[in-house]
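Report on the structure given below.
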Amino acid sequence: MYEKPLPIVDPDSAPYWAGTREHKLLLPRCRDCGQHHFYPRALCPHCHSDNLEWVQASGHGSIYSYIICNRPAGPVFKADCPYVVAIIALDEGPRMMTNIVGTDPATVRVGQKVAVCFEDVTPEITLPKFKLC
């Protein structure tokens, strides 16, 4: 059984979570300014337009920056320490913040290639996770 907190799915993020169930990384892109952005919201953070479309991102990229977290964000994450939180520069799409899973934090470096993998945790929720390539 999955014991960690699951994300809240709201109308703005519903297309993102529907895509993950199909093992696709769907991200919003503004039709007016052409910018991708990661956080699902009703307005483009760059130009504040509501003219958005959902497009599939590559799911591959490289580590732009990272930190190693030695303190859990909550009791449920205690077993994960230390863990890596990284900014990923996607090959197609925006930069996004995510955890790097399944690796020794001491081996993580800026510029390393990463790829998304998907973990089915409930029939409704599939979590996208990034691993080193």
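General remarks:
- Gly19 touching a strand residue (DSSP E or B) at 6+ places or on another chain (Cβ under 7 Å) and at pLDDT 85 or above: yes
- Residues located in segment 38-49, provided they are surrounded by 14 or more Cβ atoms within 10 Å (Cβ to Cβ), under 19 Å from Met97 (Cβ atoms) and either of a type in the set (A, V, I, L, M) or within 14 Å of the chain's Cα centre (by Cα) (or both): Phe38, Pro40
- Flag for Gly93 being loosely packed, with under 14 Cβ neighbours inside 10 Å and either basic (Lys, Arg) or part of a loop (DSSP other than H, G, I, E, B) (or both): no
- Looking only at residues of segment 23-37 that are outside any strand (DSSP E or B) and not charged (D, E, K, R), we find that the one that is surrounded by the most Cβ atoms within 10 Å (Cβ to Cβ) is Leu25.
Listed here are the residues, each with its yes/no results for (1) more than 14 Å from the chain's Cα centre (by Cα); (2) without any contact (Cβ under 8 Å) to a residue 40 or more places away in the chain; (3) within 25 Å of Pro5 (Cα to Cα).
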position: Gln35; (1), (2), (3): yes, no, no
position: Asn51; (1), (2), (3): yes, yes, no
position: Lys78; (1), (2), (3): yes, yes, yes
position: Ile88; (1), (2), (3): no, no, yes
position: Asp91; (1), (2), (3): no, yes, no
position: Arg95; (1), (2), (3): no, no, yes
position: Thr98; (1), (2), (3): no, yes, yes
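- Among all residues of segment 87-109, there is none that is in contact with a Cys (Cβ under 7 Å, 6 or more places away or on another chain) and not aliphatic (A, V, I, L, M).
The values are calculated or read from the model by the stated rules, or taken from the named source; none is laboratory data. Predicted model only: the values in this text are computed from it and were never measured. FYI the Cβ positions are ideal-geometry reconstructions off the backbone, even for glycines, and counts take in every protein chain you see.
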